[in-house]
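**Q** I am attaching a structure below and will ask some questions about it afterwards.
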Amino acid sequence: MKKKIVSILAVLVMLFSVTACGSSSGPAKGAAKIITDCAGRTVEIPEEPQRVACLYASTAHMMAMLDEGDKIVGAPGGVKSDVLMQMKYPQIKETATPYQEGSINVEELLRVEADMALVRYSTASNKGEVEKLEKVGIPYVVVDYTTIEELQNAIDVMGKVFNKEEQAQKYIQFQKDTIEMVNGKLKDVAEENWPSVYHSVNEAIRTDGEGDICGEIMNLAAVKNISIEKRVQAGGDKTYTTLEEIYKWDPFAFIANESSVTDYILSDSKWEGLTAVKNKKVYTLPVGATRWCHPGSMEAHMGVLAVAKLFYPDKFADMDLEAYTSDYYQEYFDLKLDHKAVKKILSGEGMRMSNSPAQ
């Protein structure tokens with residue numbers, strides 16, 4: 001109890017010093033600008049943000065794409081374990097983690113002197129969490145999405161935040177071009193012939209719910225997302241089903257964005273009665289800057305491409321996914337990857353370091 005009281009007093013002292021002496025962060029200390037965020041809020045932020053706390057993993061990946069990752073002073077543990085993020089920004093491993101299990105650590109934000117925070121919808125709608133930011137004078141921008149169109153708007157917002165509108169628009173156009181290319185190759189595939197596929201999101205029985213961006217990714221790849229087809233209700237940030245339900249659905253194939261889940265499904269006897277497992281149609285999706293088919297991925301277009309090529313190899317016979325992936329990361333993340341690194345990305349294995357918790 002004594003330690004808890006001391007900790008609370010320490011935070012109160014820091015809050016008092018910020019209030020009494022004037023905040024050392026936020027737009028008040030320099031030029032400011034007004035932007036509109038993904039929640040439609042009009043917010044004043046620094047003209048040139050320098051110390052940014054990413055309280056949502058996707059925002060850190062977007063900053064990397066915009067060549068602004070060196071300004072990250074706080075990020076989720078999962079971002080710190082990303083191999084490509086570590087390759088581009090080695091210092092990311094030592095970055096503070098001011099947001100865990102849905103709670104903002106204000107003491108950490110003050111310690112790293114954040115001048116702006118990037119948050120998702122769920123944080124912005126939590127009055128208690130928002131008040132933490134408001135009390136210390138740290139402006140926050142909501143950057144979140146549940147569809148590909150909203151994702152592109154989120155990238156546009158990030159471009160405005162960091163004065164990189166042209167770079168953001170170039171990336172958005174590449175997303176559109178990739179999806180259009182996939183659509184062109186699959187235009188003759190009738191919907192009734194789409195394979196039914198179950199998607200494991202990090203855990204075997206965690207999956208997609210109605211309104212999830214992963215359902216859109218799979219539909220654009222001419223694949224039926226079985227959990228959405230069966231109207232599984234989204235459960236907030238994470239949606240779960242049961243093995244019993246999966247047996248009832250008995251999908252044609254499984255895709256997972258975590259290789260350990262693929263290994264588990266193929267090796268655990270509880271799953272062996274499923275048709276897809278018997279036929280060894282259990283696949284791991286690529287993992288690059290993000291997991292390509294994940295609700296929070298900024299690389300949804302690459303997920304569309306990977307899923308489409310996986311289930312329609314004949315229609316993509318003339319398409320070199322390795323070369324496309326290599327060019328993509330060099331052009332948009334300034335990462336020159338060798339053959340081995342690209343193979344690793346496409347295998348979905350070894351792209352998260354084990355010394356940080358996966359998120």
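The values are calculated or read from the model by the stated rules, or taken from the named source; none is laboratory data. It should be emphasised that the depicted structure is a prediction, and the values quoted were computed from it without experimental measurement. No Cβ is skipped: glycine too gets one built from the backbone with ideal geometry, and neighbour counts run over all protein chains shown. SASA here: full protein model, heavy atoms, side chains in, ligands and nucleic acids out. Shrake-Rupley method; radii C 1.70, N 1.55, O 1.52, S 1.80 Å.
**Q** Net charge within 12 Å of residue 321 by Cβ-Cβ distance, Lys/Arg positive one each and Asp/Glu negative one each, not counting residue 321 itself?
**A** With Lys, Arg at +1 and Asp, Glu at -1, the neighbours total -2.
**Q** Just for the chain, what percent of DSSP beta bridges are antiparallel, to the closest 5?
**A** Of those bridges, close to 40 percent are antiparallel.
**Q** Considering Cα pairs under 8 angstrom that are at least six residues apart, work out the relative contact order of segment 275-319 and quote it in whole percent.
**A** 22 percent
**Q** When the chain is modelled as a GNM with alpha-carbon springs shorter than 10 Å, which of 303, 211, 273 fluctuates the most?
**A** Of 303, 211, 273, the Gaussian network model singles out 273 as fluctuating most.
**Q** Expressed as a rounded percentage, what relative contact order does the chain have, with Cα pairs under 8 Å and six or more residues apart?
**A** Averaging sequence separation for qualifying contacts and normalising by length gives 17 percent for the chain.
**Q** With a 1.4 Å probe and all protein chains left in place, how much of the accessible area of the chain comes from carbon and sulfur atoms, in whole percent?
**A** Here carbon and sulfur together make up 50 percent of the probe-accessible area.
**Q** OK, next. Connecting C-alpha atoms closer than 10 Å in a GNM of the chain, tell me which of 95, 239, 275 has the biggest fluctuation.
**A** In the Gaussian network model the winner is 275.
**Q** Per Stokes-Einstein, at 10 °C and 1.306 mPa s, what whole-number D in µm² s⁻¹ belongs to the chain, with the Kirkwood radius over Cα pairs as the hydrodynamic radius?
**A** On the way: Rh = 21.5 Å.
Stokes-Einstein gives a translational diffusion coefficient of 74 µm²/s.
**Q** Tell me what the chain gives for mean residue ellipticity at 222 nm when only DSSP H runs of n ≥ 4 count, each as -39,500 (n - 2.57), the sum divided by the residue total, rounded to 500 deg cm²/dmol.
**A** -13000 deg cm²/dmol
**Q** On to the next question. DSSP loop (so not H, G, I, E, B), at most 15 other Cβ within 10 Å: list which GluC sites (Glu not before Pro) in segment 199-281 pass both filters. Intermediate results must be reported in sequence, preceding the final value.
**A** On the way: sites: 203, 210, 216, 229, 244, 245, 258, 272; in loops: 203, 210, 258, 272.
Listed in order of number, the matching sites are 203, 210, 272.
**Q** Pick from 120, 41, 291: which is most flexible by mean-square fluctuation in a GNM of the chain where alpha carbon atoms under 10 Å apart are linked?
**A** Maximum fluctuation in the GNM of the chain, among the listed residues, is at 41.
**Q** If you roll a 1.4 Å probe over the heavy atoms of the protein chains, what accessible area per residue do you get for the chain, in Å²?
**A** Values: 16350 Å² over 359 residues.
Value returned for the chain: 46 Å² of accessible area per residue.
**Q** Sticking with this structure for a sec: Describe numerically, in nm with one decimal, the distance between label points set 7 Å from Cα along Cα→Cβ at residue 121 and at residue 134.
**A** That separation, rounded to one decimal, is 2.1 nm.
**Q** Check cross-link reach from residue 336 to the lysines: straight Cα distance under 18 Å, and skip same-chain residues fewer than eight apart.
**A** 88, 344
**Q** Considering only lysines 8 or more places apart in sequence, or on different chains, count the pairs in segment 97-229 whose C-alpha atoms sit under 21 Å apart. All intermediate terms of the calculation are to be shown ahead of the outcome.
**A** Values: 127/135; 160/170; 160/176; 164/176; 176/185; 176/187; 185/224; 187/224.
Qualifying lysine pairs in segment 97-229: 8.
**Q** So, one more: Can you grab the distance from the C-alpha centre of segment 213-287 to the C-alpha centre of segment 93-129, Å, no decimals?
**A** Their Cα centres are 32 Å away from one another.
**Q** Whose amide H sits under 5 Å from the amide H of residue 285, counting only residues 5 or more places off or on another chain, with H placed in the peptide plane?
**A** The answer is 256, 257, 258.
**Q** Give me the extension gain from residue 323 to residue 280: residue separation times 0.36 nm, minus the current Cα-Cα distance, reported in nm with one decimal.
**A** Using 0.36 nm per residue and subtracting the Cα-Cα distance, I get 12.8 nm.
**Q** Ok, one more. Counting only C-alpha contacts under 8 Å and six or more residues apart, can you give the relative contact order of segment 182-297 as a whole percent?
**A** RCO, segment 182-297: 27 percent.
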